[in-house]
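This report refers to the structure that appears directly beneath it.
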Amino acid sequence: MDGTLTVAAHDFPAIRNALGINDTGGIIEAIDSLPEKEAKQKHRQLSEIEIDYAEHSKEQPGAGQLLAFLSEREIKLGILTRNSVQNAIITLKECNLKHFFSNQDILGRDSAAPKPSPDGINMLLRNWDVDPYSAVMVGDYKYDLEAGRKAETATIYVDVNEEYLWSDLADLHVSHLDQIIDSLKNS
């Protein structure tokens, strides 16, 4: 969602600083490694920070057109985010993209093990009764692509900055969401 359907705005170093996390790895994993009482407090604090980002979300150029194109073809759409479901819904509403997704198809870190685990993708595929070989994971970060690989779906790397950091994990590499539509029209 963030960085794929919405413009990436999260300042992860600032979030780590606000939470008092010195680890450069995953924020969720760092919080989960803390004693239970402290972890609960940090998760609440993280949720508050994320809600602020959600309330200021902007649609990634081409996101509405891509989702409309897929919806018109009755392609099942889901969200798998390391954020909370509440945060995802606020973000999607802020960007006027929520109507493309049913609530049960929006999974967050409390719905399944966070990416790079494939658990969320596998849950969606089971709920939809869809084979992984006919599904695609679209994302802008290595965790998205790793989750897709582990779930045995195809992967599309949305790399708006054209940094090519994780192209080796992707079946298709795009710098703009319109390129996904073009690829589907030409296949």
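The values are calculated or read from the model by the stated rules, or taken from the named source; none is laboratory data. Predicted model, so just to flag it, every value in this text is computed and none were measured. Cβ placement follows ideal geometry from the backbone for every residue including glycine, while neighbour counts extend to all protein chains displayed.
If the condition is being under 19 Å from G78 (Cα atoms), among the acidic types (D, E) and touching a strand residue (DSSP E or B) at 6+ places or on another chain (Cβ under 7 Å), then the stretch 138-170 contributes D140, D144.
The condition (being part of a helix (DSSP H, G or I) and crowded, with 18+ Cβ neighbours inside 10 Å) is satisfied by just one residue among E50, E29: E50. The set of residues in the stretch 1-31 that are at pLDDT 85 or above, under 18 Å from the mean Cα position of the chain (by Cα) and among the hydrophobic types (A, V, I, L, M, F, W, C) comprises M1, L5, V7, I27. Pull up the stretch 86-120, narrow it to residues that are among the acidic types (D, E) and at pLDDT below 95, then point me to the one that is farthest from G25 (Cα to Cα). Out of the qualifying residues, it is E94. Applying the condition of being crowded, with 17+ Cβ neighbours inside 10 Å and hydroxyl-bearing (S, T, Y) to the stretch 63-85 and asking which residue is modelled with the highest pLDDT yields T81.
Residues of the stretch 121-137 include none that is touching a residue at least 60 places away in the same chain (Cβ under 8 Å), of a type outside the set (V, I, T) and either crowded, with 18+ Cβ neighbours inside 10 Å or under 20 Å from T4 (Cα atoms) (or both).
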